[in-house]
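Worksheet: one structure, shown below.
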């Protein structure tokens, strides 16, 4: 869904259980490299790395190079949006209203 | 603390067609979707005061996938209201206004939204998970 260069929607980013677990692990540990995150999941490092990339696109994770390894850290600020019900329902209706608009246009044709 | 969500939308259609889209079960199924999966939500809505209805989608680990409600106001074709319950109980009020020139304004108000869903035990979406989140955000 996300266009290249566009920031990924935080709701999309946390829709997946693996990514929610990654957020929890990073919240508990502070900062972790990929090889310490991977053993927590029934998947390989490439798959975990893809999930981290999605979290990064949403601004939920930052990374930095330390020697030869990349370490990942949580940035919780975008999660405030998730906490806010008004934002959630605003998105729910505005997304669905765009479906409604499309349906009404098709009826006119 | 309770919040109200308020939004306005304009459509190039007639007020009757917009009313039908908001109240006809088959039409609702065409536009009310689970925004995370994009799948349409099934419903048994009827514009009859006192009617209890459900909108359903595939359940997830964090949500039963069910929104329940009761129709409160039916004033065809200008006002429709129902409760909207999934953990928290909200009230949705739709107001339709003919703007002339083939345009109709749709005003949405959703009241009773908690600003702190996790603390209030709401279950919609990821609130169980948000319980953990709350601690994080307070840091």
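Laboratory data are not the source of any read-out in this text; all were calculated from the coordinates shown. Owing to the predicted nature of the structure, the values given are computational and were not obtained by experimental measurement. When we count neighbours, we look across all protein chains shown, and the Cβ atoms used for this are built from the backbone with ideal geometry, even at glycine.
Key figures
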quantity: For chain A, calculated [θ]222 nm from helices alone, where every DSSP H run of n ≥ 4 adds -39500 (n - 2.57); calculated: -17000 deg cm²/dmol
quantity: FRET efficiency, 1/(1 + (r/R0)^6) with R0 35 Å, evaluated for residue B:30 and residue B:99 via beta carbons; calculated: 0.90
quantity: Percent of alpha-carbon pairs separated by more than 18 Å within segment A:15-67; calculated: 20 percent
quantity: Packing-based exposure ordering (other Cβ within 10 Å, fewest first) of A:43, A:103; calculated: A:43, A:103
quantity: Cα-based helix-to-principal-axis angle, A:85-108 vs chain A, degrees rounded to 10; calculated: 40 degrees
quantity: Between helix A:45-57 and chain A: long-axis angle, C-alpha atoms, 0 to 90°, nearest 10; calculated: 60 degrees
quantity: Ranked A:46, B:57, criterion: other C-beta atoms within 10 Å, fewest first; calculated: A:46, B:57
quantity: For segment B:12-81, radius of gyration divided by Kirkwood radius, i.e. Rg to Rh on alpha-carbons; calculated: 1.01
quantity: Alpha-carbon centroids, segment B:32-50 and segment A:24-41: separation in whole Å; calculated: 38 Å
quantity: Percent of C-alpha pairs per 5 Å bin, chain A, short to long; calculated: 2, 11, 19, 20, 16, 11, 8, 5, 4, 3, 2, 1, 0
quantity: Length added when fully stretched, residue A:86-residue A:66, from 0.36 nm per residue minus Cα-Cα; calculated: 3.2 nm
quantity: Sites residue B:72 and residue A:49, calculated FRET efficiency, Cβ-Cβ separation with R0 45 Å, nearest 0.05; calculated: 0.35
quantity: Rounded to 10°, Cα long-axis angle of helix A:17-29 versus longest principal axis of chain A; calculated: 40 degrees
quantity: Paramagnetic reach from residue A:75 in segment A:36-50 [backbone N under 11 Å; point 7 Å along Cα→Cβ]; calculated: none
quantity: Sequence of B:64, B:2 once ranked by neighbouring C-beta atoms within 10 Å, starting from the fewest; calculated: B:2, B:64
